[in-house]
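**Student:** Below: one structure in structure tokens.
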Amino acid sequence: MGIFGLGFGKRAAKALATADQLAIGSPWAPESDLKPMVIAEAFGLNTDQLPLTRDAAIKIPAVSKARNLLVSTIAKFPLRAMDGDEVLDAKAQPSFLYRTDTNVTPYERMAWTVDDLIFHGYSLWRVVRGAGNSPKGGPILSAEWVPRDKWSIKPDANVGHRLYIEDEPIDDLSQVILFNSPFEGLLTIASKTLKGARDLDASWVGRARNPIPLIELHVTDDSELTTDEIREFVQAWADARRSENGAIGYTPAGLEINVHGEVHADLMVEGRNAVRTDIGSFLNIRASMLDGTMGIDSLTYSTKEGEKNAFYEFDLPFWTDPIEARLSMDDVVPRGQRVRFDKYDAYHQPLDTGVPTED
């Protein structure tokens with residue numbers, strides 16, 4: 001049976017196939033831009049039209065801040081199975097929720113699951129099941145996160161599309177749990193913003209090395225320098241500007257220094273703050289949680305505690321709800337049960353696993 005018939009859906013198959021073609025890889029190792037460049041050259045595309053890799057995006061400070069905030073917040077919440085409105089007894093909890101059979105801890109497993117959802121929009125766990133029919137496919141004995149570069153969906157002449165983990169075809173989807181985030185992934189939808197943020201970072205670093213934007217070494221007498229002499233003098237001046245004593249320079253007779261244009265310092269500050277706000281908007285995180293500023297009406301009063309509460313109430317569910325919903329399906333826990341994050345220690349909600357809802 002093909003990937004469509006097994007329940008991934010056309011959107012998942014199309015998006016994941018595209019991600020695989022663009023070499024969106026695992027967070028475990030640095031990624032190369034070589035493959036996207038080769039694809040761009042083959043199809044006559046501008047590389048600016050292709051999404052950045054995760055390795056490039058995570059180097060943007062605003063992205064790292066947002067990613068680290070979500071990952072560190074969500075991964076620390078224990079998972080709890082519930083039957084109706086009651087949390088199952090500790091002995092009745094599915095063991096895969098709080099332990100693994102590898103040296104990867106449940107915290108790390110959830111951390112990289114959230115990371116995948118942020119950057120790619122999808123994440124995959126591989127599971128081992130025991131004998132039985134409850135839940136559907138048998139009880140899950142263990143579950144492990146599969147790094148993004150270890151799995152892909154590829155076209156297949158016989159079944160349309162097929163899932164592969166380390167080049168091994170997976171036809172029985174009861175062996176995996178696919179998580180879908182509420183959007184297509186930061187690398188896809190925020191490509192333009194990410195590239196702008198990267199350019200802005202490069203700009204302020206360059207400005208720090210050369211605070212004066214443009215320097216012209218102007219000859220005022222009749223002396224004529226050869227091309228090599230000009231290059232040598234310009235390089236010497238550039239090297240001197242980057243030295244520890246770069247605020248002091250010397251020009252011989254017949255030369256004067258002309259400075260063209262200035263860049264106000266607040267331009268970089270405002271630009272970098274705008275990037276934080278934009279990244280927060282993509283990831284459903286308020287700017288104040290990313291150490292950015294936000295526009296507040298003169299009649300509006302906001303406190304740190306109020307912002308924290310709003311983050312837990314409005315921002316975080318955008319990420320936790322899809323994970324809870326997927327782990328509450330009948331192929332993960334028996335019908336009638338559901339899985340919720342235990343947020344009590346962090347937020348002290350009236351109920352440690354949230355408001356009761358119908359499964």
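All of the numbers you see were taken from the coordinates with simple rules; none came from a lab. Here the structure is a predicted model, which is why all the values come from computation and not from measurement. Note that each Cβ is placed from the backbone with ideal geometry, even for glycine, and that neighbours are counted across all protein chains shown.
**Student:** Would you mind working out the magnitude of the charge dipole of the range 105-198 relative to its Cα centre, with +1 at each Lys and Arg C-beta and -1 at each Asp and Glu C-beta, to the nearest 20 Debye? Working shown, then result.
**Tutor:** On the way: 11 positive and 12 negative charges, 66 e Å.
So the magnitude is around 320 debye.
**Student:** Moving on. Please give the length that would be gained between ALA92 and GLU184 if that part of the chain were fully extended, namely 0.36 nm times their separation in residues minus their C-alpha to C-alpha distance (nm, one decimal). Please report the intermediate quantities before stating the final value.
**Tutor:** Values: separation 92, 0.36 × 92 = 33.12 nm, distance 3.58 nm.
Computed gain between ALA92 and GLU184 is 29.5 nm.
**Student:** Check which residues have an amide H placed less than 5 Å from TRP151's amide H, if you skip close sequence neighbours.
**Tutor:** Sorted by chain and number, the residues that satisfy this are GLU166.
**Student:** Turning to a different aspect of this structure: Thinking of the range 104-205 as a set of Cα atoms, what percent of all their pairs are more than 21 Å apart?
**Tutor:** Working: 2582 of 5151 pairs.
Summing the P(r) of the range 104-205 above 21 Å gives 50 percent of all pairs.
**Student:** Right, here's the next one. Out of residues 5 or more away from VAL176 or on other chains, whose amide H comes under 5 Å of its own, with H placed 1.01 Å from N in the peptide plane?
**Tutor:** Correct list: VAL127.
**Student:** Could you pull out the pairs from LYS76/LYS304; LYS65/LYS343; LYS59/LYS154 whose alpha carbons sit more than 24 Å apart here?
**Tutor:** On the way: LYS76/LYS304 21 Å; LYS65/LYS343 21 Å; LYS59/LYS154 30 Å.
Check vs 24 Å cut-off fails for LYS59/LYS154.
**Student:** Also, I was wondering about something else. Rounded if a/c is under 1.5, else prolate if a/b is larger than b/c, else oblate: which is the range 121-177, with a ≥ b ≥ c the root eigenvalues of its Cα gyration tensor? Walk me through the intermediate numbers first.
**Tutor:** Values: a/c = 2.61, a/b = 1.51, b/c = 1.73.
Verdict is oblate for the range 121-177.
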